Structures are given as C-alpha cells and as structure tokens.
Amino acid sequence: MVQESIISSFRAKLENDPSKSTSLATVETLMEVLDRSRATTVAEFQNELKQVVAALEKTDYSSTSIRSAADLFTRFTSLAPAALLDQEDFSQVLDLYRQRARSFIKNVRGSRAKISKCARLFFTHHMNILTHSYSKVVLETILDAHKSGYHLNIWVTESQPDASGKLMLEELKKNGVPATLVLDSCVGYIMERIQAVLVGAEGVMETGGIVNKIGTVNVCVIAKSRHVPVYVCAETIKFVREFPLNQADIPKEFKYRTSVIAKDQLESEHPDVDYTAPEFLTLIITDVGAMKPEAVGEELIKMYI
C-alpha cells in the first residue's frame, strides 16, 4: 500500500504540473521515500529506493529519465563520512541524507533557468531555429529568450506518431513567439533556411550521444549535411551511464513504454525514441555550462566519483 501511494504521488506531480520534468518528479518522489524511511542500515535504505525505482520504471513515463535521475539522486544523497556511518544511531545518517537530498533537488529545480541563460549565448536576433517534438526545457529556453528581447523564428516538426510538435507550436504561439509547423518529411526541404537546431533529450548517453523522441536522428543528420549547428538542451540529471553505439544498443526499456513491452509484440511496434550519435551534435547545453559531446563521459565520471 505504501508503494502504491508513492506511485500515485509520482503520477500526481506530473499530472498537476505539466511543466514538471519526469526527472524532477522522480527525485521529489524519492525524497518522500527518504522522509518516510525508518531504515537502520545503508543497505536497507538503498533497498527501499531500489524497490520504488523499479515501480516507477513500470509506469509509462520515460524510463531513461527515471533511471538517470534515480541513480544520481542515490549517489549524491548517500555520500556520508565514514565516522558517521559507523555510529549505531542510523537516524543521524538519514538526517544527513535528507539534508543532501534537499540540496540536490534545489539544484535540479534551478537547472532549466541555468540552461536557458547559457543557451542565449548562441542566439542572434531574427534567427531561424528548428526544434523537434515537444521539449519542456527547449520551450522554456525559447520563451526566456523571447522575454529578454530576442526576435526568434521557430520552426517545429509535427513529430509523429503522436504529433507532439503541435503542442509545442501552441505553447509558442500562445506566448507570442512566431512559430511554424512543418511535416517531418519536410525537414530536408526547410533546413537551408535554418541557422540552428535546438532539441531536448530524454537521456544523454556516456558516448555524448542522446536518446530522444523518434525522428531526432533524422533532423540532426540532415542538419550536419547542411552545416547547421545542433544544440541539445539537457539537465545533467539526464546523464545516463549507458554506452550505445547504434540503435540496436538502446535498452529495450528506453525504446518502448512499459505497457507496450508487456504486450510482448515489439516486432510490430515502432520505438518511441532513437539514438543520435555525438558526431551529429554540436554542443550539449546543460546546467553546468555548454560542453562538447565528447566531454559527457568525463562529466559522468565526476558525478560518480
């Protein structure tokens, strides 16, 4: 029953706040687990987290984002001095974990604002930007630039099969940003008018490549053929310890939602995401600054040391 209430809380966070990322909802949910925890050892506490994360991954939200957020939350939160861990009173350890977790969540909540500010260094007035699908961090970045006085012209792919680009278009127009919807098959035609491609990511891999909405790789490959820079806006909480080299290397749970996997008929299903290799990306714009794709592996090492 406790686990069911935790999952319900996770769903409610995302349903009640459409702007909230799956990653942030994940760490906020794990914070609730930590607040309720009565664990008496590190192993017992980590087992509590693992059980909840396994349950979260069975929802139809992005497993990529859930896994990366949970891994980093666990790693950051569970660091404690050896002298404290040796004490018999484990409640003091939990208190330290809670303190570190709140600091971690505060940083995550401020990630988009930092990305937005960094991304503006690469914008110019009257710039034609192409984006793919609906990305919350990309939307916030564009809206912040618009509010700061940048006159940007945004082209949005329709992004089938769910036409999520239409939602992006509606949000941009509602906020007064000039935007045009283009067919997915029209990307090659329109690319000669584009000065930059701006996309989000469900996960940034250790390779420096990204896993994102299906069709992203098509956009990025065409952009490179036209010498158009591709900027990826992604929070560092989305950095994942996976090393895919091609589409076949993407874990099954990243490609398909849990409900689809449960049907056991993947041969007749289209994947939700694809993998874009680092050679097709110009920069990853994160909350710790802009970096070349090849720097992601080094950044991940820093996170887990």
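The values are calculated or read from the model by the stated rules, or taken from the named source; none is laboratory data. All figures in this text were calculated on a predicted structure; none of them were measured in a lab. Neighbour counts run over all protein chains shown; Cβ positions are idealised from the backbone, glycine included. What goes into the accessible areas is simple: the full protein's heavy atoms, side chains included, and nothing from ligands, DNA or RNA. Shrake-Rupley method; radii C 1.70, N 1.55, O 1.52, S 1.80 Å.
General observations
- Checking every one of the GluC sites (Glu not before Pro) in the stretch 41-139 against DSSP loop status and a limit of 14 other Cβ atoms within 10 Å picks out 88.
- Across the chain, C-alpha contacts under 8 Å between residues 6 or more apart give a mean separation that, scaled by the residue count, equals a relative contact order of 18 percent.
- A 1.4 Å probe run over the protein chains yields, for the stretch 19-171, 45 Å² of accessible area per residue, whole-number rounding.
- Whole-percent carbon and sulfur share, accessible surface of the stretch 44-190, 1.4 Å: 52 percent
- Pairs over the 20 Å Cα-Cα cut-off, from the set 117/292; 13/136; 106/174; 238/292: 106/174.
- Backbone phi angles across the stretch 269-277, fed through the Karplus curve with coefficients 6.51, -1.76 and 1.60 (θ = phi - 60°), yield HN-Hα couplings of 10, 8, x, 7, 10, 9, 10, 10, 5 Hz in residue order; Gly and Pro are listed as x.
- Farthest toward the positive end of the dipole of the stretch 162-234, out of 218, 180, 165, is the Cα of 180, where the dipole comes from beta carbon charges about the Cα centre.
- Spatial separation of Cα centroids for the stretch 13-28 and the stretch 208-266, in angstrom: 21 Å
- Average accessible area per residue (Å²) across the stretch 188-260 - probe 1.4 Å, nucleic acids and ligands excluded: 39 Å²
- Restricting the calculation to alpha carbons of the chain gives Rg and Dmax of 20.0, 67 angstrom.
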